[in-house]
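Asker: After the structure tokens below, expect a handful of questions from me.
The values are calculated or read from the model by the stated rules, or taken from the named source; none is laboratory data. On a predicted model such as this, the values are computed, not experimentally measured, just so you know. All Cβ positions, even for glycine, are placed from backbone atoms using ideal geometry, and neighbour counts span all protein chains on display. SASA here: full protein model, heavy atoms, side chains in, ligands and nucleic acids out. Shrake-Rupley method; radii C 1.70, N 1.55, O 1.52, S 1.80 Å.
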Amino acid sequence: MTYQEIRKKFLDFFEKQGHKIMPSSLLIPEDQSVLFTSAGMQQFKKYYLDSTSPCGNRVSSIQKCLRTVDINEVGDESHLTFFEMLGNFSFNFPEGEASYFKEEAIRFGYELIVKDFNIPLERIKISVFRGDLKNNVPEDRESLEIWKSFGISEDRIFFGDIKDNFWGPTGSNGPCGPTTEIHIDGIEIWNIVFNEYLSDVSRDGLLNGSAKLLPLRRKGVDTGMGLERLILVLQNQESVFETDLFIPIITELRGKNLYDYKSNQRSERIIADHLKASVFVISDGVMPSNIERGYILRRLIRKIMRHSEKLNLPQDFLQRSLETIINIYKEYYPELNKNKEKILNIFNEEFQKFGKALDKGTKEFEKGIIEFKSNGIIPGPYAFNIQQSMGVTFDIMEDIAKGKGMKIDIDGFKEEEKKHKEISKISQEKKFRR
Ligand code: SER
């Protein structure tokens, strides 16, 4: 089944179940407490709280998402920064017309995966929430019983704790609740969240037990299934980079036989993922800069620079890879085509402005850290100085260090960064004092 067919099957299924199909929101969220949209529910967050959804209580979407927490894991079989999330959502349960909760949410998951996508039960495992005393949330027996009623045997169901089977809130507060997850061949595919609580603090606070969880008067369902992982499973591939969502990009990079694919697999994957992420981020209006969203974009582009240098890719690879990415997605995101010129210009400018300095800085860093080889720790101030003077971002240095079996002293790095910020604040203040 192709990626186009998989997307369509998902949306058709939920449309048939009475869901209104909603377009993806931008990667820059309305909810300013997070930098980028990282889940399908973000554009609907308010409908779990006080607002009423103008599109009814059942909606479904395919949302573009960006997550950079695992940026240095990209390069393995399944980690990505940019991905699309398939989701179905229900608000205002039980009063709201057509709203639903556990019974139907689990039935939809079961029917789509087992009946429509034909995944045999032996490949499936389910997790449910084991409960959490600190936050006073009980074990989710109800979900366990519902799964059993669909013929999932108890030995295929396991219990997860608050870290794995309790989702949210996004940002500084908001809806959250226990989850049940569908795993296929050991990969987590679909997260089904039952929004039953309101947390007054962020997720960290919730995990350390300092949250006050209030039961929500109106319950909701929020589900998220990574499209790339679903395709990986349905196309029986070893990695997301071997699915038809990535093959054209990888083929493009290999086009001129400039590098050895086997020994450079990680770099190739990083370039493919980061290019895609940058294309979408720029198209949604972010410009490279040294703060916040712009800095994340800059970090992505610098990693592309570093790895394309490693693979000897000439600069015109940008133009061709960019066109390949737009071709894959333009049917679903027509804005990419419209913004093509802008995207290419921004890439070219960054490459031109920083390419040489980055290369020089990277080499200097590689040479400089030899003296720290014996204890394996690179002092924070040393790394910070390289970042400041040569534009080598932390991720790149961390990556190089890892490859040599070394580590950067992160606390020392942050300490130095703090000092630097204070110094520049003082000099700013002096400048404006009369
Ligand atoms: N919000 C949940 C997640 O991102 C389910 O959509 O996993």
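Asker: If you go through the stretch 233-252 one residue at a time, do you hit one that is open to solvent by less than 20 Å² (accessible area, probe 1.4 Å), in a helix (DSSP H, G or I) and touching a strand residue (DSSP E or B) at 6+ places or on another chain (Cβ under 7 Å)?
Answerer: Start the filter on the stretch 233-252 by keeping residues that are open to solvent by less than 20 Å² (accessible area, probe 1.4 Å), which leaves 233, 239-241, 243, 245-246, 249-250.
Next cut, in a helix (DSSP H, G or I) only: 233, 240-241, 249-250.
Going one step further and asking which of them are touching a strand residue (DSSP E or B) at 6+ places or on another chain (Cβ under 7 Å), we end up with 233.
Among the residues of the stretch 233-252, at least one is open to solvent by less than 20 Å² (accessible area, probe 1.4 Å), in a helix (DSSP H, G or I) and touching a strand residue (DSSP E or B) at 6+ places or on another chain (Cβ under 7 Å), which makes the answer yes.
Asker: What number of residues within the stretch 278-327 are among the β-branched types (Val, Ile, Thr) and more than 19 Å from the chain's Cα centre (by Cα)?
Answerer: The number of residues fulfilling the criteria is 3.
Asker: Can you tell me which condition Gly171 does not meet? The list is (1) at positive phi; (2) away from the ligand (no atom under 15 Å from the Cβ); (3) not β-branched (Val, Ile, Thr), and all the others hold.
Answerer: Here Gly171 meets the rest and fails (2).
Asker: May I pose another question? Name the residue that is farthest from the chain's Cα centre (by Cα), counting only residues in the stretch 396-417 that are buried (at least 18 other Cβ atoms within 10 Å of the Cβ) and β-branched (Val, Ile, Thr).
Answerer: Ile408
Asker: Moving on to the next point. Could you pull out every one of the helices (runs of 4 or more DSSP H) wholly within the stretch 257-373 that has 1 or more residues that are under 28 Å from Asn385 (Cβ atoms)?
Answerer: Passing ranges, in order: 265-283, 292-310, 340-368.
Asker: Out of the stretch 185-217, which residues are within 20 Å of Ala105 (Cα to Cα), away from the ligand (no atom under 16 Å from the Cβ) and buried (at least 20 other Cβ atoms within 10 Å of the Cβ)?
Answerer: Residues satisfying the conditions do not exist here.
Asker: Right, here's the next one. Being exposed (fewer than 13 other Cβ atoms within 10 Å of the Cβ) and farther than 22 Å from Asn290 by Cβ: is that true of Lys310 here? Spell out the reasoning first.
Answerer: Details: exposed (fewer than 13 other Cβ atoms within 10 Å of the Cβ): no; farther than 22 Å from Asn290 by Cβ: yes.
No: the conditions fail for Lys310.
Asker: Out of all the residues in the stretch 55-74, is one or more crowded, with 19+ Cβ neighbours inside 10 Å, in a loop (DSSP other than H, G, I, E, B), away from the ligand (no atom under 16 Å from the Cβ) and within 18 Å of the chain's Cα centre (by Cα)?
Answerer: yes
Asker: So the check is Cβ under 6 Å with 6+ separation or different chains; which pairs have a first residue in the stretch 320-348 that's within 21 Å of Lys256 (Cα to Cα) and a second one that's among the β-branched types (Val, Ile, Thr)?
Answerer: Thr324/Ile249; Ile325/Val279
Asker: Continuing with the same structure: Six or more apart or on different chains, Cβ under 6 Å: which pairs go from a residue in the stretch 51-73 that's at positive phi to one that's open to solvent by 40 Å² or more (accessible area, probe 1.4 Å) and not hydrophobic (A, V, I, L, M, F, W, C)? Could you list them?
Answerer: Gly56/Lys20
Asker: If you take the residues in the stretch 157-178 that are under 16 Å from Leu213 (Cα atoms) and assigned to a strand (DSSP E or B), which one is most open to solvent (accessible area, probe 1.4 Å)?
Answerer: Restricting to residues being under 16 Å from Leu213 (Cα atoms) and assigned to a strand (DSSP E or B), the top hit is Trp167.
Asker: Here is a check on your reading of the model: is Asn118 free of Cβ contacts under 8 Å to residues at least 40 places away in the same chain and either at negative phi or surrounded by fewer than 17 Cβ atoms within 10 Å (Cβ to Cβ) (or both)?
Answerer: yes
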